[in-house]
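Below: the structure, in structure tokens.
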Amino acid sequence: TVCLCVCVLCAATAVMAVANIVKTSLGPVGLDKMLVDDIGDVTITNDGATILKLLEVEHPAAKILVELAELQDQEVGDGTTSVVILAA
């Protein structure tokens, strides 16, 4: 049971980390994020879908959250940040 508790806490931490990244970009006074990739290309955006697309997420629970946002973007075209925050 100790191992299971550690896994659940790790998953919750990973999901909340992703949610916290996009949370501040939500709404009319949302902040822009500056993302730099491996080769040094800079992207400045406050679009949750773009932020999540450019993140290199490795944790399985956090990946599910990113996939959920991608599905929201494909089906509706908006609301990715809200979906991530509500799911977290």
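The values are calculated or read from the model by the stated rules, or taken from the named source; none is laboratory data. Nothing here was measured: the structure is a model prediction, and the numbers come from that model. For neighbour counting, all protein chains shown are included, and Cβ atoms are generated from backbone atoms with ideal geometry for every residue, glycine included. Each accessible area value is taken on the protein alone, full model and side chains, heavy atoms only, with ligands, DNA and RNA left out. Shrake-Rupley method; radii C 1.70, N 1.55, O 1.52, S 1.80 Å.
General observations
- Counted by Cβ distance under 14 Å from ALA49, the other residues give a net charge of -4, where Lys and Arg count +1 and Asp and Glu count -1.
- Within the shell of other residues whose beta carbon sits under 15 angstrom from the beta carbon of LYS63, the net charge comes to -3, with Lys and Arg scored +1 and Asp and Glu -1.
- Of all accessible heavy-atom area on the chain, the percent that carbon and sulfur account for (1.4 Å): 62 percent
- Amide H contacts of LEU26: LEU31, each under 5 Å away and 5 or more positions distant or on a separate chain (H built 1.01 Å from N in the peptide plane; Pro and chain starts excluded).
- Measuring how big the stretch 1-87 is from its alpha-carbon positions, Rg and Dmax come out at 13.8, 44 Å.
- Value of [θ]222 nm, deg cm²/dmol, for the chain, DSSP H segments ≥ 4, -39500 (n - 2.57) each, nearest 500: -19000 deg cm²/dmol
- GluC sites (Glu not before Pro) within the stretch 3-88: DSSP coil, no more than 12 neighbouring Cβ in 10 Å: GLU56, GLU58
- Accessible area per residue in Å² at 1.4 Å probe, computed on the chain: 68 Å²
- Between GLU56 and CYS10, the FRET efficiency from the beta-carbon distance, with R0 = 25 Å, is close to 0.90.
- Vicinal HN-Hα couplings computed from phi for the stretch 49-66 (Karplus, 6.51 cos²θ - 1.76 cosθ + 1.60; Hz; Gly/Pro x): 5, 5, 4, 5, 5, 8, 6, 9, 8, 10, 6, x, 5, 5, 4, 4, 5, 5
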